[in-house]
Amino acid sequence: MKLVGIVGSNADFSYNRILLQYIASQFNELFELEIMEIRDIPMFNQSLDATNSVPIQNLARKIMKADGVIIATPEHNHSIPAGLKSVIEWLSFKIHPLENKPVLIVGSSYYDQGTSRAQLHLRQILDSPGVNAVVMPGNEFLLGKAPEAFDELGNLKSEGTRKFLGATLAKFVQFIKIMDAMEKPEYKLPPEDLHATGQIPTTVTGVDMAAEDWLEQASDKVGAVIGNTYVKLDRGLLTVDQLNWFLNSMPLELTYADSNNQFLYYNHNAPAEDMLAKRQPGQVGNPLANCHPPKAYKNVEWVIQQLRSGNQDVVRVHVPNHGPDQFVVHNYQAIHDENGEYAGINEYILDLQPWVDWYLQQTRQQLVAADGSAPAGPAAAAKVDGVSGASEKVAAPAPTAAKVDAVAGASEKPAAAPAPAAAAPVNVPAAQAAAGGVDGVSGASEKG
Ligand SMILES: Cc1cc2nc3c(=O)[nH]c(=O)nc-3n(C[C@H](O)[C@H](O)[C@H](O)COP(=O)(O)O)c2cc1C
């Protein structure tokens, strides 16, 4: 069983943190407790929505995936600390990860009261409709006189207190099991604004997103550079022309939709009819809603929700209607800024078949049906690799990882695994796949 423990104090030194650390170390046969801090979470402000910020999303995700939550609250002025209240406000504003989640309240205070008044308030707060947690009734763990209660190693000194805590935690485990049998906690991700009615700092205002010439109008408005003007990149310097040539040479169809769900870019290297997902130049600038038929909205929203929430870093969809010679995959990869904040979607579409064929040739392997019976792929006829010049005599797999990168002169170190592979892709549910035909995010219709 996996639980999350929330330290209700943002102080560097906290008895409530020590209490959770004690619980995590002493009761690990009952459950695994991951301790989460609230100190990086900004003060709640309805006008400055930080729901998508990394610390809030991280906490929400952990809660969402946990079987239960233990909140260790201090008592400040007869209530819970402002910082903890603020966190609960974030977790009940646009997202509701505590909904139906079993919660145990514990608390430690400096004097005799042991957070009794704070705990009563916390119960009320957690019971409010926006939070809707399921707090274990009939049980309290109140630890007063904290400085005397712990020894120098952070262990509870009193055997009676240790036993009482153990009994309370065991009851919480039972409570979670009963709750689980009654009602599965269901986490609802916030809806997506596919009409891009919001605004992010990079949104070009005053230009109709649906205009056929949005690109030209928006470029004029911001004074966008073109041609042989240099652009300094994270690690490189290219002209706009070079950047275009580079992106257009990718053996992929690339699309960028920003975090406001506005379709901003695709690498325009072929007319729509020759593309795997047919994109029209006039679509650039459109809200994602304009790029899809309404019947696809549910699926588009689902994909964006996964990426924005961090539930999945990549969503992959195999689109089968390209015939038997192609294996076309639409990959929706979350983009993050340097602070880790969600910055939109990188959709890259590619036909995997030539890569698979090349791999089979290089390794002299064949695809075999799952039952081992019949070859299901192209014969492993070895060919000379036209680019690297690897000879036909190479029987072993081509030394891909050890080769020096002929263009960039990169070292022999194997390249890092590409992000999507590292991010453990998860396939979309059947309903999503069934949508087929329509490119879920950028909106290019497969039918053209
Ligand atoms: C602003 C403030 C108000 C406090 N109010 C109370 C209180 O009402 N009741 C109480 O028992 N302790 C109160 N305390 C003392 C806390 O119990 C003590 O600081 C405790 O260590 C806080 O928990 P922590 O160590 O996990 O941060 C207060 C402390 C502060 C800083």
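The values are calculated or read from the model by the stated rules, or taken from the named source; none is laboratory data. As the structure is a computational prediction, the values presented were derived from the model and not from experiment. Counting neighbours? That spans all protein chains shown, and the Cβs are built from the backbone with ideal geometry, glycine included.
Per-residue answers, yes or no, for (1) more than 30 Å from residue 309 (Cβ to Cβ); (2) away from the ligand (no atom under 16 Å from the Cβ); (3) touching a Lys or Arg at 6+ places or on another chain (Cβ under 8 Å); (4) outside any helix (DSSP H, G or I):
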| site | (1), (2), (3), (4) |
| --- | --- |
| 138 | yes, yes, no, yes |
| 160 | yes, yes, no, no |
| 167 | yes, yes, no, no |
| 179 | no, yes, no, no |
| 190 | no, yes, yes, yes |
Inset, instruction - Identify, from the list 142, 122, the residue that is part of a helix (DSSP H, G or I) and within 16 Å of the ligand (Cβ to nearest atom). - result: 122
Legend entry - Any pair with Cβ under 6 angstrom, 6 or more apart, that starts in the range 102-122 at a residue that is more than 15 Å from residue 20 (Cβ to Cβ) and ends at one that is more than 7 Å from the ligand (Cβ to nearest atom) and part of a helix (DSSP H, G or I): 102/175; 102/176; 102/179
Inset, instruction - With the checklist (1) out of contact with any Pro (no Cβ under 7 Å at 6 or more places or on another chain); (2) closer than 30 Å to residue 47 by Cα; (3) in contact (Cβ under 8 Å) with a residue 40 or more places away in the chain in hand, flag the one item residue 209 doesn't pass. - result: (1)
Legend entry - Filtered residue count, the range 58-81, keeping only those that are in contact (Cβ under 8 Å) with a residue 24 or more places away in the chain and within 16 Å of the ligand (Cβ to nearest atom): 11
Inset, instruction - Examine the range 261-278 for a residue that is in a helix (DSSP H, G or I) and touching a Pro at 6+ places or on another chain (Cβ under 9 Å), and state whether such a residue exists. - result: yes
Inset, instruction - Could you list all residues from the range 82-119 that are aliphatic (A, V, I, L, M), modelled with pLDDT of 95 or more and either within 8 Å of the ligand (Cβ to nearest atom) or in a loop (DSSP other than H, G, I, E, B) (or both)? - result: 91, 98, 118
Inset, instruction - Read through the list (1) closer than 30 Å to residue 95 by Cα; (2) at pLDDT below 95; (3) hydroxyl-bearing (Ser, Thr, Tyr), then give the number of the only condition that residue 373 fails. - result: (1)
Inset, instruction - Hey, can you tell me all the residues within the range 245-269 that are in contact (Cβ under 8 Å) with a residue 12 or more places away in the chain and over 30 Å from residue 193 (Cβ atoms)? - result: 248, 249, 251, 269
Legend entry - Output for the range 220-244, where each listed residue is polar (S, T, N, Q) and either part of a loop (DSSP other than H, G, I, E, B) or in contact (Cβ under 8 Å) with a residue 60 or more places away in the chain (or both): 228, 229
Legend entry - Tabulated pairs, the range 163-180, first closer than 12 Å to residue 68 by Cα, second in a helix (DSSP H, G or I), C-beta under 9 angstrom, 6+ apart or interchain: 169/23
Inset, instruction - Return the residue satisfying two criteria in turn: it lies in the range 12-40 and is without any contact (Cβ under 8 Å) to a residue 12 or more places away in the chain and assigned to a loop (DSSP other than H, G, I, E, B), and of such residues it is surrounded by the most Cβ atoms within 10 Å (Cβ to Cβ). - result: 28
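Residues checked against (1) surrounded by fewer than 13 Cβ atoms within 10 Å (Cβ to Cβ); (2) on the phi > 0 side of the Ramachandran plot; (3) of a type in the set (Val, Ile, Thr); (4) at pLDDT 95 or above:
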site: 186; (1), (2), (3), (4): yes, no, no, no
site: 189; (1), (2), (3), (4): no, no, no, no
site: 195; (1), (2), (3), (4): no, no, no, yes
site: 209; (1), (2), (3), (4): no, no, no, yes
site: 213; (1), (2), (3), (4): no, no, no, yes
site: 217; (1), (2), (3), (4): no, no, no, yes
site: 223; (1), (2), (3), (4): yes, yes, no, yes
site: 232; (1), (2), (3), (4): yes, no, no, yes
Legend entry - residue 290 being assigned to a helix (DSSP H, G or I), in contact (Cβ under 8 Å) with a residue 60 or more places away in the chain, of a type in the set (S, T, N, Q) and closer than 24 Å to residue 205 by Cα: yes
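How many residues does the range 56-82 contain that are closer than 10 Å to residue 8 by Cβ and not polar (S, T, N, Q)?
Qualifying residue count, the range 56-82: 7.
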Inset, instruction - Evaluate the following for residue 60: is it assigned to a loop (DSSP other than H, G, I, E, B), of a type outside the set (Asp, Glu) and either closer than 18 Å to residue 7 by Cβ or under 21 Å from the mean Cα position of the chain (by Cα) (or both)? - result: no
Inset, instruction - Give the residue, chosen from 93, 13, that is more than 20 Å from residue 132 (Cα to Cα) and of a type in the set (Phe, Trp, Tyr). - result: 13
